[in-house]
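The values are calculated or read from the model by the stated rules, or taken from the named source; none is laboratory data. Since this is a predicted model, take the numbers as computed values, not measurements. Every residue, glycine among them, receives a Cβ derived from its backbone with ideal geometry; neighbour counts consider all protein chains shown.
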Amino acid sequence: MARENSPPAGPDDSPKGDPWHAFGYIVSGVAVYGLVGWLLDRWLGTAFLVAIGILVGAGFGIYMTYARFNKASQ
């Protein structure tokens, strides 16, 4: 019996980026900027900078994910 070979994957069939990179960017952004916010809270005696740091870190992580996946799709 002859076995049919499927054609090799073309450029449209390959994934555009690794989802673990997206996860890593977002988690590391939240962790780093959350830590910076927490340290500033301890230093300045406030209680809101950690929340701002987490939100800014999530925003930067989403931006980095967008920039990486947008670059990969071109």
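Brief remarks on what is shown
- Scanning the range 24-53 for residues that are closer than 26 Å to residue 68 by Cα and not aliphatic (A, V, I, L, M) returns 24, 25, 28, 29, 33, 34, 37, 53.
- Of all residues in the range 1-43, those that are at pLDDT 95 or above, more than 26 Å from residue 63 (Cβ to Cβ) and either surrounded by 10 or more Cβ atoms within 10 Å (Cβ to Cβ) or among the hydroxyl-bearing types (Ser, Thr, Tyr) (or both) total 1.
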